[in-house]
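Please read the structure below before turning to the comments.
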Amino acid sequence: MTGQDWLEKDFYAVLGVPKDADAAAVKKAYRALARKHHPDANAGDAAAEQRFKDIGEAYSVLSDPEKRQQYDAVRAMRSGARFTAGSGAGPGGAGFEDLFGGMFGGAPRGGYGTRTSGRRSSQGSQEFDDLLADLLGGQAGFGGAPGGGPTGGFPGATRGPVKGADLTATARVTLARALLGAEVDVQVADPGAGPRTVHVRLPAGVKDGQKVRVRGKGATGSAGRGDLLVTVRVESHEVFSWDGAALRVNVPVTFAEAALGATVQVPTLEGVARLKVPAGTPSGRTFRLKGRGPAVKGAPTDLLATVTVVVPQKLSGEARAAVETLRRADEGADPRADLLAAAESLRQEVAS
């Protein structure tokens, strides 16, 4: 992009922001437009691709305070000056060289300090671009960069490389493979290259719903491929579940075991462990068995055993008689008293 382009292109209009927009507003507008017109979201749309380039071009200038100041100065000259080199600018119509002299303190370089004949042909246009290049530090176009880079690191620079988009996929594994780690093949829907298969290594101890990032396996871009985000789905197991830090198991106990206390057997991946259930244990209480979970990456984990009181569906005559005796002993005790009192308190507060 040449200096003359700065005169002809309204970068504020491209981004749809006012000329006094702050940096945050400029950035917000750029992100919204870039997302809308990104080539990955508009495959085969030449107009959207050009629009994306224009958006990046505008942002690269307006997001840099120094370049924005220079751009505003050049645009101000465009509206307030006659771009002629001749002396016939007339009263009130400052010449091109007068404006540059006023802006940058003194007469411009390169012969613009003298008023000669009104030459403003292709040679004059080139001289104008050369002068802008001097004013902008040797690079009139936004594509030049401090340090000699082709794009200067500005987001959306039209000549800069663009990394491919990130893609997503799902991997389904058994609980055993999740605990041990696994290598799986996942199907990837790549908008640019079509469906393809990617080989993925899942780490040991991966849990259900976890996302694994695979570098360089996303969509292709001029700056290389994006990444692939693989969501892991661990198949349910009839006994165990894994939360990423500990193995879990539900342990059924009888009412008598929970009420009177008992020592019960708990399954582990290495056999059977013994768990002491204290008297008066309520259903749903969880006990931690240290080091009885699987070893993940060489480190031991724990086993969390949740006690569930089982209510028999059928009772023998003797068992029924025992329960009837217990019920008579519990007459007058209401386990729901606190529950009802708390609910009544809230009801009265809402009604008042």
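Determine the dipole magnitude for region 242-311: charges of +1 sit on the beta-carbon of Lys and Arg, -1 on that of Asp and Glu, nothing else is charged, the reference point is the Cα centre, and the result goes in debye to the nearest 20.
160
Based on the Cβ-Cβ distance from residue 273 to residue 333, what FRET efficiency comes out when R0 is 45 Å, to the nearest 0.05?
Efficiency, rounded to the nearest 0.05: 0.80.
State, to one decimal in nm, how far the label point of residue 248 lies from the label point of residue 24, with both points 7 Å from Cα in the Cβ direction.
Placing both labels 7 Å along Cα→Cβ, they lie 4.1 nm apart.
Normalising by the residue count of region 206-352, find the relative contact order in percent from Cα pairs under 8 Å and 6+ residues apart.
17
Just to verify a number: FRET efficiency for residue 174 and residue 266, C-beta to C-beta distance, R0 = 25 Å, to 0.05?
FRET efficiency, residue 174 to residue 266: 0.70.
Normalised by the number of residues in region 287-352, what is the relative contact order in percent for Cα pairs under 8 Å and 6+ residues apart?
Once divided by the residue count of region 287-352, the mean separation gives 18 percent.
In nm, give the distance between the simple-model label positions of residue 7 and residue 231, each being 7 Å from the Cα along the Cα-to-Cβ direction.
Placing both labels 7 Å along Cα→Cβ, they lie 5.5 nm apart.
Sorting check: for 34-47, 64-77, 316-329, which peptide has the highest mean count of neighbouring beta carbons within 10 Å, and how do the rest follow?
64-77, 34-47, 316-329
Treating the beta-carbon of each Lys and Arg as +1 and of each Asp and Glu as -1, no other charges, what is the dipole magnitude of region 167-234 about its Cα centre, to the nearest 20 debye?
In debye, rounded to 20, region 167-234 gives about 120.
Put +1 on the Cβ of every Lys and Arg and -1 on every Asp and Glu Cβ in region 167-234; which of 205, 191, 218 then has its Cα farthest towards the positive end of the dipole?
205
Using 0.36 nm per residue of separation minus the Cα-Cα distance, give me the extension gain between residue 42 and residue 349 in nm, one decimal.
Result for the pair: 104.9 nm of gain on full extension.
State, to one decimal in nm, how far the label point of residue 197 lies from the label point of residue 316, with both points 7 Å from Cα in the Cβ direction.
Placing both labels 7 Å along Cα→Cβ, they lie 5.9 nm apart.
Note down the magnitude of the dipole of region 271-343 about its Cα centre, charges +1 on Lys and Arg C-beta and -1 on Asp and Glu C-beta and zero elsewhere, to the nearest 20 debye.
That gives region 271-343 a dipole magnitude of about 540 debye.
Here, each number is a calculation from the coordinates, and none is a lab measurement. Bear in mind the structure is a predicted one, so any value in this text is a computation, not a measurement. A quick note on method: Cβ atoms are made from the backbone with ideal geometry, for glycine too, and the neighbour counts reach across all protein chains shown.
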